[in-house]
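**Student:** Sharing a structure below in structure tokens format, with a few things to ask.
The values are calculated or read from the model by the stated rules, or taken from the named source; none is laboratory data. These numbers were taken from a predicted model, which means no experiment stands behind them. For neighbour counting, all protein chains shown are included, and Cβ atoms are generated from backbone atoms with ideal geometry for every residue, glycine included. Remember, those area values only see protein heavy atoms, side chains included, never the ligands or the DNA or RNA. Shrake-Rupley method; radii C 1.70, N 1.55, O 1.52, S 1.80 Å.
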Number of protein chains: 2
Amino acid sequence: MAKIKIAYAPSVRRLPSYLHIIRQAQRAGDYYISGTIIANELNLEPIQVRKDLAITGIIGKPKKGYPVEALVKAIEHYLGWDEIHEAVLVGAGNLGSALLGYQEFQLHGLHFVAAFDTDPSKIGKQVHGVPIFSMDSVEEGIKTYKAQIAVLTVPSPMAQATAEILVRAGVSSIWNFTNTKLKVGEDIVVQREDLSSGYALLSVMLQKVKGRLD
Amino acid sequence: MAKIKIAYAPSVRRLPSYLHIIRQAQRAGDYYISGTIIANELNLEPIQVRKDLAITGIIGKPKKGYPVEALVKAIEHYLGWDEIHEAVLVGAGNLGSALLGYQEFQLHGLHFVAAFDTDPSKIGKQVHGVPIFSMDSVEEGIKTYKAQIAVLTVPSPMAQATAEILVRAGVSSIWNFTNTKLKVGEDIVVQREDLSSGYALLSVMLQKVKGRLD
């Protein structure tokens, strides 16, 4: 697991939602947007929104708010979403296929160049325009495409062995959708996506509504 | 959007990962587990783990740590995962199908009783053992099954109209995987799952590794 720590992880997590709203304002022709408007749209406190946006280095003007175009650029630059990042997807099952077709990723510079699977019926075909190759060629494929990001959607028991191949092939980051905590070198960025996290939040809110929690 | 606020959202988000590790210790026959062991496993600070676990009402013993069985029960009870929650899935595309097959949800009491889709080739079939019905019967289906939770995986432009049907049918919570911010009554719990959030974290870590951020 990488030793890279993110000081403002909850803030970083919220930035894409802000970006979504700010882009809507941009399309509507607005020049300025206030933190309060963003906060109301997302059911957050305005002070939270202003603190979160401050990590990108931008400060709003009193009464006017943030200049929309500069705000989009500041967020995109902070996230590195103003550059294209070549990515491969490893494991083209249901979840993998859904990620290949997730259009918002293209807006974020995430560009899937290839996907890999063990299923012979998938190999040689395309999913959402991305070619599927044999898992045997994953190392070669990553080197050829110089992919930095690998999205890992293989079955969990295959996760660690697959991750080791990915690292050997030279990826610098793994977006891990499996249940396995990967053991890789400290210089490799690993972001584990746990669908149970969101379900835990939903569950706690449901408990509150039912009056079981304060 | 529901007005229910979760004071410890980042802590709640981490509870499923803790549960995963604690259950492993349970299967290995351990009676106690320390916060430090959990922290090391997840690359967190021990103080963070102890604070997070405290929200479930359990306190560890000095030197011994937490009694494993009581800790599992405390987390499950806090999350309401010690009860079965009937759920429907609305939109059985790639992402929806992946969620129907996500085995960990069964451990968390999430029980999919039915799924709904507009595609005639899917209706009448089963995906991961869950029957697919016509979208026209979603209101009737929710009432029949008394489902509390609806998992929304329809295309984003259909999200708001579909959510209104779900609410009319009586669901108390919507797990929203679309890009649309749903406008529903304040008594309805909505948890929006934004795959871009995790990608934002990965991106920031990648920027740090490259030395573009401090």
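**Student:** Tell me, what is the 1.4 Å probe accessible area of B:MET158, in Å² to the nearest 10?
**Tutor:** Estimated to the nearest 10 Å², B:MET158 gives 70 Å².
**Student:** Another question about this same structure. Take the alpha-carbon positions of the stretch B:115-158, form their convex hull, and give its projected area averaged over all directions (one quarter of the hull surface) in nm².
**Tutor:** Computing the convex hull of the Cα atoms and averaging its projections yields 3.4 nm².
**Student:** How would B:ARG50, B:ARG168, A:ARG192 line up by accessible area, probe 1.4 Å, largest first?
**Tutor:** Values: B:ARG50 110, B:ARG168 150, A:ARG192 55 Å².
Result of the area sort, largest leading: B:ARG168, B:ARG50, A:ARG192.
**Student:** Something else now. Taking chymotrypsin sites (Phe, Trp or Tyr not before Pro) as candidate sites, keep only those in a DSSP loop with at most 15 other Cβ atoms within 10 Å, then name the longest stretch of chain A containing none of them.
**Tutor:** A:32-214
**Student:** Would you kindly find the accessible area of B:SER197, with a 1.4 Å probe and non-protein molecules such as ligands, DNA and RNA excluded, rounding to the nearest 10 Å²?
**Tutor:** 10
**Student:** Follow-up question, since we're still on this one. Which value, in Å to one decimal place, does the Kirkwood hydrodynamic radius take for the stretch B:9-79 when every pair of different Cα atoms is included?
**Tutor:** 11.7
**Student:** I'd like the antiparallel share, as a percent to the nearest 5, of DSSP beta bridges with both residues in the stretch A:1-124.
**Tutor:** Roughly 35 percent of the beta bridges in the stretch A:1-124 run antiparallel, per DSSP.
**Student:** I would also like to ask the following. For B:ALA92, what is the net charge nearby, where nearby means another residue's Cβ is under 11 Å from its Cβ and Lys, Arg count +1, Asp, Glu -1?
**Tutor:** 0
**Student:** At q = 0.14, 0.16, 0.21 Å⁻¹, what log₁₀ I(q)/I(0) does a Debye calculation on the Cα points of the stretch A:85-196 give, no solvent, two decimals?
**Tutor:** Taking Cα atoms of the stretch A:85-196 as identical point scatterers yields -0.48, -0.64, -1.16.
**Student:** Looking only at the stretch A:85-196, where both bridge partners belong to it, what percent of the DSSP beta bridges are antiparallel (to the nearest 5)?
**Tutor:** The answer is about 10 percent antiparallel.
**Student:** Would you mind listing the distances between the B:ARG23 label point and the same position in each other copy? Use 7 Å along Cα-to-C-beta, nm, one decimal, shortest first.
**Tutor:** 3.5
**Student:** Okay, next question. Which percent, nearest 5, of DSSP beta bridges in the protein assembly as shown are antiparallel?
**Tutor:** 20
**Student:** Would you kindly state the longest site-free stretch of chain B, with sites defined as GluC sites (Glu not before Pro) in a DSSP loop (not H, G, I, E, B) surrounded by at most 14 other Cβ atoms within 10 Å?
**Tutor:** B:84-185
**Student:** Just going by the charge dipole of the stretch B:1-146, with Lys and Arg at +1 and Asp and Glu at -1 on Cβ, which of B:ALA9, B:ALA87, B:ALA39 is farthest out on the positive end?
**Tutor:** The residue sitting farthest along the positive end of the dipole is B:ALA39.
**Student:** May I ask you to list the aspartates and glutamates whose Cα is less than 13 Å away from that of B:LYS61, ignoring any residue fewer than eight positions away on the same chain?
**Tutor:** Correct list for B:LYS61: empty, as no aspartates and glutamates qualify.
**Student:** Which cross-chain or sequence-distant (5 or more) residues have an amide H under 5 Å from the amide H of B:LEU182, H modelled 1.01 Å from N in plane?
**Tutor:** none
**Student:** Here is a follow-up. Determine the dipole magnitude for chain B: charges of +1 sit on the beta-carbon of Lys and Arg, -1 on that of Asp and Glu, nothing else is charged, the reference point is the Cα centre, and the result goes in debye to the nearest 20.
**Tutor:** For this selection, approximately 780 debye.
**Student:** Please list 3J(HN,Hα) in residue order for the stretch B:191-197, calculated via the Karplus relation 6.51 cos²θ - 1.76 cosθ + 1.60 where θ = phi - 60°; whole Hz, with x for glycine and proline.
**Tutor:** 10, 8, 9, 10, 4, 5, 4
**Student:** Let me ask another. Please list, ordered by chain and number, the residues whose modelled amide H lies under 5 Å from the amide H of A:PHE112; skip anything fewer than 5 residues away on the same chain.
**Tutor:** A:ALA87
**Student:** Of A:GLY57, A:ALA25, A:TYR78, which is farthest on the positive side of the dipole of the stretch A:9-79, counting Cα position, with +1 on Lys and Arg Cβ, -1 on Asp and Glu Cβ, and the Cα centre as origin?
**Tutor:** A:GLY57
**Student:** Now a separate question. Given the protein chains as shown and a 1.4 Å probe, how many square angstrom of B:THR36 are accessible, to the nearest 10?
**Tutor:** Per-residue accessible area (B:THR36): approximately 60 Å².
**Student:** Now, a different point. What does the protein assembly as shown give for Rg and for Dmax, in Å, if only its C-alpha atoms count?
**Tutor:** Calculated on Cα positions, Rg and Dmax stand at 21.6, 62 Å.
**Student:** While we're looking at this one, here's another question. Could you please state how large a percent of the accessible area of the stretch B:34-175 is carbon and sulfur, counting protein chains only and using a 1.4 Å probe?
**Tutor:** Values: 3620 of 6550 Å².
Summing carbon and sulfur atoms, their accessible area is 55 percent of the total for the stretch B:34-175.
**Student:** Alpha carbon centre of the stretch B:28-97 versus the stretch A:128-172: separation in Å?
**Tutor:** About 31 Å separates the Cα centre of the stretch B:28-97 from the one of the stretch A:128-172.
**Student:** To continue, here is another question. About its Cα centre, how strong a charge dipole does the stretch A:85-196 have in debye, to the nearest 20, once Lys and Arg get +1 and Asp and Glu get -1 at the Cβ?
**Tutor:** The calculation lands at about 60 debye.
**Student:** Another one. Excluding ligands, DNA and RNA, what is the solvent-accessible area per residue of the stretch A:101-166 at a probe of 1.4 Å, expressed in Å²?
**Tutor:** Accessible surface, normalised per residue, equals 50 Å².
**Student:** Moving on. What are the label-to-label distances in nm, one decimal and shortest first, from A:LYS146 to the same spot in the other copies, with labels 7 Å along Cα to Cβ?
**Tutor:** 6.1
**Student:** Pairs to check: B:LYS122/B:LYS183; B:LYS181/B:LYS208; A:LYS122/A:LYS183; A:LYS122/B:LYS122. Give those whose C-alpha atoms are more than 22 Å from each other in this structure.
**Tutor:** Beyond 22 Å: B:LYS122/B:LYS183; B:LYS181/B:LYS208; A:LYS122/A:LYS183.
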